[in-house]
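Here's the structure we're looking at; comments come further down.
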Amino acid sequence: MNPSKRGFGRAVVMGGSIAGLLSARVLSEHFEKVVILERERLPDGPEQRKAVPQGRHIHAMLEAGLKVLEELFPGLLEELEAGGADRIDMGRDAAWFHFGAWKPRFVSGYETILCSRPYLEWKVRGRIVALPNVELRQGYAVQGLLTEGPGGRVTGVKVEGPDGEETLAADLVVDATGRGSRAPQWLEQLGYGRPEEEQVGIELAYTSRFYERPAHSRNDWKSLALYARAPDSWRSGFLANVEGGRWIVSLSGYFGDHPPTDEAGFLEFTRGLPTPHIHEALRGAKPLTQPVMHKIPTSRWLHFERMPRFPDGFVLLGDSVCALNPVYGQGMTVISLGARRLGECLAAQARSTPGNLQGLSRRFQKGLARSIGLSWMLATTMDLIYPRTRGKRPPGLKLLQWSIGNLVDLTSLDEASCERFYRVLHLRGGLEVLLQPKLALALAAYSLKSLFVPLAQRVNLDRMPRAPGIRTPAGGERMDTAA
Ligand SMILES: Cc1cc2nc3c(=O)[nH]c(=O)nc-3n(C[C@H](O)[C@H](O)[C@H](O)COP(=O)(O)OP(=O)(O)OC[C@H]3O[C@@H](n4cnc5c(N)ncnc54)[C@H](O)[C@@H]3O)c2cc1C
């Protein structure tokens with residue numbers, strides 16, 4: 001876009017992680033100047049960051065998120081691949097034991113990219129700092145919001161930088177400071193009150209480590225996910241190819257059954273996973289790092305969109321609004337969709353009231369809540385199956401859990417149902433996707449069967465399905481060896 005056509009003046013983004021970077025990218029199309037304030041000094045390469053400790057753990061990107069990345073950064077996925085990431089088809093290349101049954105292996109058309117979180121963030125950051133109207137200031141910790149007066153619009157931020165405290169004026173301030181955001185306190189101090197907080201207590205922890213990927217593996221998968229069947233078990237395990245010829249292995253356990261960080265304990269934990277495949281893959285594999293743990297006590301959603309009063313000139317995006325249980329792999333995708341929505345809101349605002357941001361904040365937060373809603377519902381409905389999960393249980397929850405459980409089982413039996421399910425799971429469509437008559441009939445029939453036939457006779461519990469053959473460009477059929 002021609003800079004002179006940008007409709008607004010200066011935007012300030014607090015936080016230079018994934019939500020901050022994606023926000024800056026969409027803001028760069030609408031603001032003359034975008035300043036990102038990041039409190040940490042950032043590495044020059046794909047290294048772990050102290051302020052983003054979750055970066056040491058497996059990070060999947062769902063297909064809807066991948067699409068947004070492609071839109072915002074043309075050629076990024078090829079760049080990631082060129083540096084060693086694997087772009088995979090979820091049906092063909094991922095072996096998935098889900099809720100106690102194997103998913104069929106087929107070419108699904110749903111893609112993801114396998115790479116480490118620091119590598120992804122570093123590549124995205126490279127694209128952002130190359131934008132002529134974006135400035136990334138490192139070592140700047142935001143201390144508070146500036147307003148026009150009590151209850152007035154937000155006009156900038158107070159920030160502690162290398163030269164002491166200063167103020168920075170802005171037409172729009174974006175909070176992308178993650179789960180530790182102080183926005184609730186700041187809004188309260190400014191007289192707006194606090195947002196309603198929804199929490200679902202899971203006492204989850206991830207423990208992860210990197211391994212050298214064995215050179216001559218005969219595995220026909222590039223990622224392996226073993227999910228517990230609630231409520232009987234709560235341990236899950238994930239293994240995926242990442243750049244640098246490595247595997248990342250993340251183990252997780254709910255309710256204090258946390259994967260240990262010592263060598264023997266880590267391996268021993270894999271014996272308690274729903275299938276032995278990760279345990280077998282790791283036997284003899286060479287570890288490259290020590291296991292590290294990250295605790296996630298709750299999924300949390302702050303409902304800024306429900307606040308009776310909310311200031312203009314301020315929006316929030318990312319974990320500062322909603323931090324989801326990571327086992328469902330939705331966080332970065334929900335952030336990507338939120339960033340896209342911010343761009344759409346700004347474009348609509350520029351058309352309807354050029355140069356004026358009044359009303360944008362509320363419209364955006366309401367729209368963002370709609371983007372978050374499906375992911376929150378899917379994650380918390382499944383987590384609330386465990387009697388030990390803390391959280392509000394709405395009426396009709398048991399029926400919903402029973403229906404989703406049956407749907408998940410059904411998707412292990414046939415590709416068509418699985419394809420529809422992937423569409424919802426990868427946030428490419430809403431729940432209406434599941435209302436297609438053929439699927440609804442199959443689900444009704446399966447649900448009836450579930451009342452009479454034991455689980456082991458209904459779904460594939462035992463044998464990992466083989467990957468389908470892949471058509472080569474010449475048309476011949478071959479088996480891909482993935483690792
Ligand atoms: C163990 C684990 C595994 C996960 N796995 C997945 C997965 O598989 N797929 C997925 O999509 N998501 C996953 N997630 C979720 C994902 O990591 C988050 O949704 C995402 O990182 C949130 O990004 P963010 O930019 O909102 O916040 P963060 O990444 O937390 O970044 C916040 C940034 O703000 C900066 N900051 C904080 N305060 C200030 C301040 N006052 N001033 C200036 N800067 C500040 C910080 O330094 C940091 O850079 C996982 C999370 C965890 C914990």
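The values are calculated or read from the model by the stated rules, or taken from the named source; none is laboratory data. Bear in mind that the values here come from a model prediction, so they are computed numbers and not experimental data. Reconstructed Cβ throughout: ideal geometry from the backbone, glycine too, with neighbour counts over all protein chains shown. Each accessible area value is taken on the protein alone, full model and side chains, heavy atoms only, with ligands, DNA and RNA left out. Shrake-Rupley method; radii C 1.70, N 1.55, O 1.52, S 1.80 Å.
Based on DSSP loop calls and a cut-off of at most 16 other Cβ atoms within 10 Å, the longest stretch of the chain free of exposed GluC sites (Glu not before Pro) is what? Walk me through the numbers on the way to the answer.
Values: sites that count: E40, E47, E148.
Of all site-free stretches, the longest is 149-483.
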Rounded to the nearest 0.05, what FRET efficiency is calculated for D462 and E79 with R0 set to 41 Å and r the Cβ-Cβ distance?
-> 0.50
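Which value, in debye to the nearest 20, describes the size of the charge dipole of the chain about its Cα centre when Lys and Arg Cβ atoms bear +1, Asp and Glu Cβ atoms bear -1, and nothing else is charged? Don't skip to the end; give the middle numbers.
Values: 61 positive and 52 negative charges, 176 e Å.
The dipole magnitude comes to about 840 debye.
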What nm distance separates the two modelled labels at E148 and R194, each placed 7 Å from Cα along Cα→Cβ?
-> 2.8 nm
Span from the the stretch 65-123 Cα centroid across to the the stretch 262-322 one, whole angstrom = 18 Å
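Within the stretch 12-57, list the trypsin sites (Lys or Arg not before Pro) lying in a DSSP loop whose Cβ has at most 14 other Cβ atoms in a 10 Å radius. Let's see the in-between values first.
Details: sites: R25, K33, R39, R41, R49, K50, R56; in loops: R39, R41, R49, K50.
In loop regions of the stretch 12-57 (DSSP not H, G, I, E or B), the sparsely surrounded trypsin sites (Lys or Arg not before Pro) are R41, K50.
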Rounded accessible area per residue of the stretch 397-457, 1.4 Å, Å² | 54 Å²
Residue-ordered couplings for the stretch 338-354, obtained by feeding phi - 60° into the Karplus form 6.51 cos²θ - 1.76 cosθ + 1.60 and rounding to whole Hz (Gly and Pro as x), are x, 5, 4, 5, 4, x, 5, 5, 5, 5, 5, 5, 5, 6, 7, 9, x
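Any idea what the relative contact order of the chain is, in percent, if you count C-alpha pairs under 8 Å spaced at least 6 apart?
Values: 984 pairs, mean separation 97.1, N = 483.
Relative contact order comes out at 20 percent.
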Place +1 on the Cβ of every Lys and Arg and -1 on the Cβ of every Asp and Glu in the chain, take the dipole about the Cα centre, and give the residue among M293, A225, L22 whose Cα lies farthest towards its positive end.
-> A225
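Provide the gained length on full extension for the span A130 to R306, in nm with one decimal, where the gain is 0.36 nm per separating residue minus the Cα-Cα distance.
Values: separation 176, 0.36 × 176 = 63.36 nm, distance 3.69 nm.
Extra length available between A130 and R306 comes to 59.7 nm.
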Among G152, G139, F106, the residue whose Cα sits farthest towards the positive end of the charge dipole of the stretch 104-159, when +1 is placed on the Cβ of each Lys and Arg and -1 on the Cβ of each Asp and Glu, is F106
Please work out how much length the chain gains when fully extended from R390 to E165, using 0.36 nm per residue of separation minus the C-alpha to C-alpha distance, in nm with one decimal.
-> 76.9 nm
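Give me the percent of accessible area attributable to carbon and sulfur for the chain, probe 1.4 angstrom.
Working: 10690 of 20220 Å².
Heavy-atom surface of the chain belonging to carbon and sulfur, 1.4 Å probe: 53 percent.
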Measuring from the longest principal axis of the C-alpha atoms of the chain, the long axis of helix 397-411 (C-alpha) lies at a number of degrees, nearest 10, equal to 60 degrees
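Can you pull out the trypsin sites (Lys or Arg not before Pro) in the stretch 348-395 that DSSP calls coil and that have at most 16 other Cβ atoms within 10 Å?
Details: sites: R351, R362, R363, K366, R370, R388, R390, K392; in loops: R388, K392.
Counting only loop positions with at most 16 other Cβ atoms within 10 Å, the trypsin sites (Lys or Arg not before Pro) in the stretch 348-395 are R388, K392.
If each residue of separation counts as 0.36 nm, what is the full-extension length gain between L397 and R218 once their alpha-carbon separation is subtracted? Please report the intermediate quantities before stating the final value.
Numbers: separation 179, 0.36 × 179 = 64.44 nm, distance 4.29 nm.
Extra length available between L397 and R218 comes to 60.1 nm.
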In debye to the nearest 20, how big a dipole does the stretch 397-457 give about its Cα centre with +1 on each Lys and Arg Cβ and -1 on each Asp and Glu Cβ?
-> 120 debye
Using alpha carbon centers only, the stretch 7-31 is separated from the stretch 204-241 by a whole-angstrom value of 35 Å
For F255, residues with placed amide H under 5 Å, excluding near neighbours | E203, L204
